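**Student:** Starting off with a structure, shown below.
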């Protein structure tokens, strides 16, 4: 299978149907394909060869969708970077994958010179946003003014994209996914009625994350329309649903909360909405009940997975939301993969017994970019080891009880403690630190730092946050800070995170 | 993905649910898995190594299903042979693929000695049927008495099976399909609501054909129950639907006709039936209308494809059956693949223009077993060239207008003219012959021979049929015969089949 196939199908079946609606700009399948063919030719023109990486730093837009198809059309490899990252983080990833071309939106454009200087492999930085490009950047339309090219038609096991994810070691790793990885996950989701046939999908969650891209691929398989907002803003989401007859959307739990809490919630016409897919972090059961009350005609569907699984591994179907017990689970293995809970020797645990969740199937990543050792550890025995602790019940429902990786999920974003600790520890006042997630009503979990100071030094949260923001994305920066005399340690000198979480979760 | 994954899922979710119901023998998922694990160990015990071929010559049964899972479980490669073949044809395929083990049912058991003698690679012939095995054959239960083994867990692009299909050159070719080929086709079908969730699938069409095996894989993905009849007999089918609350079945048009024509049709309780999937040959529109009248609560779904496409390439969804025009099409490209109609230079034809139907996707075969040249011709440019002529309309519906391969479809079976001609021409009275399909009310097409005799010789249909039956399956043998003075030839000496069909289609 091949990502661009869905565009060819749109051309054959519904050339006049809207492929994308961005704000109020409607682009049909025929014109989308035309832009893709021309932009792809432009990419080749500036030296993108088969397998070369083409990165993007942007909020959602119709340009993003065109980038998503033009890159494989030209033979390139997608690298959607987190637009919320710090410049330092972006530079790390661009250098790590040796990106040839980078697309930026208006918010990132001012950093272009710095990125170009730090990443000599970059041949061109493309301005993929409205308005005139700042000096030194190439306009998207200019690159797309070339004559059109034919699809190079990569597909199957070919590398489609590199998707960066945090790591327990403190640096981001590039997850290599093939065309088949992405499309098998989308097909398996579709087989479980992930999205509504003949509908319109609202993209409000960031497209640079695989959760929303999974929706993009699934909607594309059924030839529907992408309604795109630059980013999540509850009033805009509520307005767009009515304005564009949206049937489906993909959100993280904190976004669902923001919607149902929104003062104008009841003023909007949400009658077309049929499906809300959620995931990326646990759904509090009270919030689930509130959302179901507020949207009684909507089928809620949970997708559980991770970037390494392209991304869906388990689905909690709308019908399974009726059962209180099942509603607290992550669902059952999607049809395209198998889930096993295993003990430390990789032997399958009996039902109801906690172990590590592992997954096997054609959605499992090719590996980590340029990290053969971490790849072979993660994929040992042919199974992706998720790092999530959990159990399976006697009906095959999977329950997540612990993240074995030291990770915080805040507002749907994964924050690896080690990465934040590296930054906090580099502050001159800090002797030792631990970063943990503590329960937070709005974000699910909040990043919290516990710090031991150098003698005679002080540190306040505002100073620490300002320091951290220079190095890491704002969502990773500790919201709150506790100063202690000493951290609880194991005999081996390892911080007792579980004990810290209990002490600081008030 | 891996064929055996569906069994593991059944074990995790619904160990007590019936996996197979054969006549009145019910076997749940737990026991099916247990037999599979033991039979797989038995296969390894008699020398089946990873990649070795394990063939079967049998009507449908629960043994067939266990064979279907035990073979990949042990690391072997499935080779389901057409149980309607002549002994000569079976020997050809067994030798062609170098089969290590063969399973036979009671009807084939008497030929075991002859097959063993002709195929020295065969280490064991297993009796996979009820009752005592004849002398010299190993009982299925005996081989399954070994201790159980773990799944070798082949999957993805690994070879799953070799499926023989006729060839234009007159000899059968083995189509190599991977686990992913088979499961991508099933997943794509499921995404188009191929079968009813939570239902029971009746297998009355032969499992040795990929059409029914596609149903097996699809039903397995949703963890349902296989209700199995040894072969198609209209009274038994009608009885089984009511007796076992069948929701879905897969039939060829001639079978649908036999059902609605059956005198007891209205005496049966068919209320549970929701879906009839049909394919393998064109559906006459009058028959379609009659079937819809007779079964008003059933959604009819057409699958178009071929063995080389594992097998689904296009689907005519139940909703598309409402439109008279679309109903005469083969449907639209299934979500897992792309269809293009191309001219003789492999350039895409505009809509409504006839060309050859080609298909690209992860369902396209690995190739023909031991036939690299025929493989590269069929798969040139990365597209499977189906040999079917047709066009696509402006909505992406595909219409088949001609089979470019010289092939007859009789009762859902493909009959390659060249193969029958080889046999007819070897009759001592025959100088020259052509075999064509002529319209037939019952079989869709009927195999018809047009023959030029040696001077002074005679030939009658009964004699010709008896002669042919010694070499080829009964369904390939000419039903009818015309004796002519000369065949219409092109200047190059090629028989003008189209002209012959017009002359003899009365």
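**Student:** How large, in Å, is region B:30-155 by the Kirkwood hydrodynamic radius built from its alpha-carbon pairs?
**Tutor:** Details: mean 1/r = 0.0709 Å⁻¹.
That comes to 14.1 Å for region B:30-155.
**Student:** Semi-axes of the equivalent ellipsoid of region A:1-49: what are they in whole Å, largest first, if each equals the square root of 5 times a C-alpha gyration tensor eigenvalue? It would help to have the intermediate numbers written out before the result.
**Tutor:** Values: eigenvalues 92, 43, 14 Å².
After diagonalising the Cα gyration tensor, the semi-axes are 21, 15, 8 Å.
**Student:** Please compute the volume of the convex hull spanned by the alpha-carbon atoms of the protein assembly as shown and report it per residue in Å³. Walk me through the numbers before you get to the answer.
**Tutor:** On the way: hull volume 179.2 nm³, N = 1012.
Spelled out: Cα convex hull of the protein assembly as shown, divided by residues, is 177 Å³.
**Student:** Relative contact order for region A:26-155: what percent, with Cα pairs under 8 Å and sequence separation of 6 or more? Walk me through the numbers before you get to the answer.
**Tutor:** Working: 229 pairs, mean separation 43.1, N = 130.
Value for region A:26-155: 33 percent.
**Student:** Peptides A:186-193, A:410-417, A:149-156: what's the order by average Cβ count within 10 Å, highest mean first? Show your work: numbers first, answer last.
**Tutor:** Working: A:186-193: 26.1, A:410-417: 21.8, A:149-156: 18.4.
Ranking the peptides A:186-193, A:410-417, A:149-156 by packing returns A:186-193, A:410-417, A:149-156.
**Student:** For chain A, calculate the relative contact order in percent as a whole number, restricting contacts to Cα pairs under 8 Å that are 6 or more residues apart.
**Tutor:** Rounded, it is 12 percent for chain A.
**Student:** Go through B:341-350, B:171-180 and give me the packing order, highest mean Cβ count within 10 Å leading. Could you put the intermediate results ahead of the total?
**Tutor:** Details: B:341-350: 13.0, B:171-180: 23.5.
Top of the packing list down: B:171-180, B:341-350.
**Student:** Please order A:163, A:397, A:467 by the number of other Cβ within 10 Å, starting at the fewest.
**Tutor:** On the way: A:163 27, A:397 24, A:467 18.
Arranged by neighbour count, lowest to highest, A:163, A:397, A:467 become A:467, A:397, A:163.
**Student:** Going by how many other beta carbons lie within 10 Å of each one, how would you line up B:368, B:69, fewest first? Mind dumping the intermediate values first?
**Tutor:** Details: B:368 22, B:69 25.
Lowest to highest Cβ neighbour count: B:368, B:69.
**Student:** Further question: Calculate how large, on average over all directions, the projected area of the Cα convex hull of region A:150-229 is; give the answer in nm² to one decimal. Write out the running numbers ahead of the final one.
**Tutor:** Values: hull surface 27.1 nm².
For region A:150-229, the mean projected area of the Cα convex hull comes to 6.8 nm².
**Student:** Continuing with the same structure: Label position 7 Å from Cα toward Cβ: report the copy-to-copy distances for residue B:289 in nm, one decimal, ordered from shortest.
**Tutor:** So the label point of residue B:289 gives 5.7 nm to the other copies.
**Student:** So, one more: Give the value in nm², to one decimal: projected area of the alpha carbon convex hull of region B:200-313, averaged over all directions.
**Tutor:** On the way: hull surface 26.2 nm².
Here the figure is 6.6 nm², rounded to one decimal.
**Student:** Among the DSSP beta bridges whose two residues both lie in the protein assembly as shown, what percent are antiparallel, rounded to the nearest 5?
**Tutor:** Details: 100 of 176 bridges.
Of the beta bridges lying entirely in the protein assembly as shown, close to 55 percent run antiparallel.
**Student:** On to the next question. When you count, for each residue, the other Cβ atoms within 10 Å and take the mean per peptide, how do A:71-84, A:422-435 rank with the highest first? If you can, show how the numbers build up before the last one.
**Tutor:** Working: A:71-84: 24.9, A:422-435: 19.1.
Descending packing order for the listed peptides: A:71-84, A:422-435.
**Student:** Helix-only mean residue ellipticity at 222 nm, chain A, DSSP H runs n ≥ 4 weighted -39,500 (n - 2.57), per residue, nearest 500. What is it?
**Tutor:** Details: 16 runs with 151 residues, N = 506.
Mean residue ellipticity at 222 nm (helix-derived): -8500 deg cm²/dmol.
**Student:** Just counting partner chain Cβ atoms within 10 Å, what average do the residues of peptide B:183-191 show around their Cβ?
**Tutor:** Working: counts 7, 7, 0, 2, 10, 6, 1, 7, 14.
For this peptide, the per-residue mean of nearby foreign Cβ atoms is 6.
**Student:** Mean 1/r over all different Cα pairs, inverted: what Kirkwood radius does chain B give, in Å?
**Tutor:** 23.5
**Student:** Among rounded, prolate and oblate, which fits region B:383-454 when a ≥ b ≥ c are the square roots of the eigenvalues of its C-alpha gyration tensor, a/c under 1.5 means rounded, and a/b larger than b/c means prolate? Write out the running numbers ahead of the final one.
**Tutor:** Working: a/c = 3.22, a/b = 2.21, b/c = 1.46.
Here region B:383-454 falls in the prolate category.
**Student:** Mind checking A:7-17 for the average number of partner chain beta-carbons within 10 Å of each residue's beta-carbon?
**Tutor:** On the way: counts 1, 7, 7, 1, 1, 15, 8, 3, 3, 0, 0.
Taking all residues of A:7-17 together, the mean is 4.
**Student:** If you split all Cα-Cα distances of region B:290-398 into 10 Å bins from zero, what percentages do you get per bin, shortest first?
**Tutor:** P(r) for region B:290-398, in whole percents per bin: 14, 42, 28, 12, 3.
**Student:** Using the 7 Å Cα-to-Cβ label point, sort the distances from residue B:51 to its equivalents in the other copies shortest first and give them in nm to one decimal.
**Tutor:** In nanometres, ordered from closest: 2.5.
**Student:** Output the Kirkwood hydrodynamic radius of region B:407-504, Cα pairs only, in Å rounded to one decimal. Mind dumping the intermediate values first?
**Tutor:** Working: mean 1/r = 0.0742 Å⁻¹.
With all distinct Cα pairs of region B:407-504 included, I get 13.5 Å.
**Student:** Could you work out, residue by residue across A:126-133, how many beta carbons of other chains sit within 10 Å of that residue's beta carbon, and then give the average as an integer?
**Tutor:** Values: counts 0, 0, 0, 0, 0, 0, 0, 0.
Mean partner shielding for this stretch: 0.
**Student:** Roughly how compact is region B:89-217, stated as its Cα Rg over 2.2 N^0.38 Å to two decimals? Before the final figure, lay out the partial values.
**Tutor:** Details: Rg = 17.2 Å, N = 129, 2.2 N^0.38 = 13.9 Å.
With N residues counted in region B:89-217, Rg over 2.2 N^0.38 Å equals 1.23.
**Student:** So, one more: Of all beta bridges DSSP finds with both residues in chain A, what is the antiparallel percent, to the nearest 5?
**Tutor:** For chain A, the DSSP antiparallel bridge percentage is about 55.
**Student:** Now, a different point. If I take R0 = 56 Å and measure r between the Cβ atoms of residue A:426 and residue B:346 in this structure, what FRET efficiency does the formula 1/(1 + (r/R0)^6) give, to the nearest 0.05? Don't skip to the answer; put the middle values down first.
**Tutor:** Numbers: r = 60 Å, r/R0 = 1.06.
Result of the calculation: an efficiency of 0.40.
**Student:** Separate question: Considering only DSSP beta bridges whose two residues both sit in region A:410-504, what percent are antiparallel, to the nearest 5? It would help to have the intermediate numbers written out before the result.
**Tutor:** Details: 12 of 16 bridges.
Roughly 75 percent of the beta bridges in region A:410-504 run antiparallel, per DSSP.
**Student:** Given a cut-off of under 8 Å on Cα pairs at least six residues apart, what relative contact order in percent is computed for region A:213-279?
**Tutor:** Once normalised by length, the contact order is 36 percent.
**Student:** Measuring label to label, 7 Å along Cα→Cβ, what does residue B:267 give against each other copy in nm, shortest first?
**Tutor:** When each copy's label point is compared with this one, the spacings are 7.0 nm.
All of the numbers you see were taken from the coordinates with simple rules; none came from a lab. The structure presented is a predicted model; accordingly, all values stated were derived computationally and were not measured. When we count neighbours, we look across all protein chains shown, and the Cβ atoms used for this are built from the backbone with ideal geometry, even at glycine.
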